1. Test of understanding: what is the full-extension gain from Ile13 to Glu157, defined as 0.36 nm times their sequence separation minus their Cα-Cα distance?
2. Give me the one-decimal nm value for the distance between modelled label points at Ser93 and Lys179, 7 Å along each residue's Cα-to-Cβ direction.
3. Expressed as a whole percentage, what fraction of the accessible surface of the range 71-115 belongs to carbon and sulfur atoms when a 1.4 Å probe is rolled over the protein heavy atoms?
4. Note down the nm distance, to one decimal, between modelled labels 7 Å out along Cα→Cβ at His149 and at Thr137.
5. Can you give the net charge of the other residues whose Cβ lies under 9 Å from the Cβ of Pro72, counting K and R as +1 and D and E as -1?
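The values are calculated or read from the model by the stated rules, or taken from the named source; none is laboratory data. Quick caveat, the model's predicted, so the values are computed rather than measured. As a convention, Cβ positions derive from the backbone with ideal geometry for all residues, glycine included, and neighbour counts pool all protein chains shown. Side chains are part of the model used for accessible areas, which takes the heavy atoms of the whole protein and leaves out ligands, DNA and RNA. Shrake-Rupley method; radii C 1.70, N 1.55, O 1.52, S 1.80 Å.
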Amino acid sequence: MKYEILYGNAFPIVKINLQKGERIKAESDAMVSMSSTIDLDGKLEGGLFKGLGRMLAGEKFFFQTLAANRGPGEALLAPSVPGGIVDVELDGSYGLCVQKDGFLAASDSISVDTQMQNLTRGLFSGEGFFILKVRGTGTVFINSYGAIHPINLEAGEEVIIDNSHLVAWPDYMQYNIEKASSGWISSWTSGESLVCRFRGPGTVLIQTRNPRGFGAWIRQFIPSGK
């Protein structure tokens with residue numbers, strides 16, 4: 001599978017060239033255009049319970065499957081939000097944890113499941129009790145709201161990240177939920193409240209914009225109903 005991410009971080013799109021017999025899975029409604037040699041199907045991968053798990057993690061119930069059944073072809077895929085797209089190559093030695101709305105597409109050899117977080121992380125991480133767990137060998141396309149920025153941590157190095165800016169991280173990385181400041185009042189008045197403390201080694205992908213912050217900003221312009 002050959003591919004190219006076009007148009008940078010503002011409004012990118014993924015151009016994928018499939019050889020005859022190749023296929024790719026994508027988030028529902030990701031297809032923008034495709035060659036006439038490609039067939040598009042909706043697929044409930046993993047059965048009913050895995051589909052329900054993806055819904056609980058904020059994703060769609062079905063995947064799109066694009067298969068070049070009648071010869072080579074080209075497909076264009078794009079996310080529904082304005083932001084960045086990055087490609088991550090997985091070699092099978094670790095999985096990737098992905099926040100809701102962060103999965104765009106992947107090689108057909110990649111599995112997309114859900115992982116239940118513990119009570120504390122589920123309540124306070126901002127991601128809910130379920131997150132996506134991506135495993136296998138192949139290419140994964142991750143999208144974000146805003147540009148994607150990697151934070152590379154050496155062994156023992158730590159970083160504190162606002163929950164709403166998380167996009168993806170390796171499943172071997174550990175993190176804790178904690179107050180943004182030393183006290184609860186200071187954490188709340190700072191506008192940050194709870195944050196995630198990650199410890200290296202590993203690379204955490206973050207998004208440069210906060211969807212919750214944008215939602216709060218735009219609500220002030222919506223007339224309230226009477």
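1. Additional length available on full extension: 48.5 nm.
2. Output for this residue pair reads 4.0 nm.
3. Carbon and sulfur together cover 46 percent of it.
4. Here the answer is 3.6 nm between the modelled labels.
5. Numbers: positive: Lys20; negative: Glu22, Glu74.
Residues near Pro72 contribute -1 overall.
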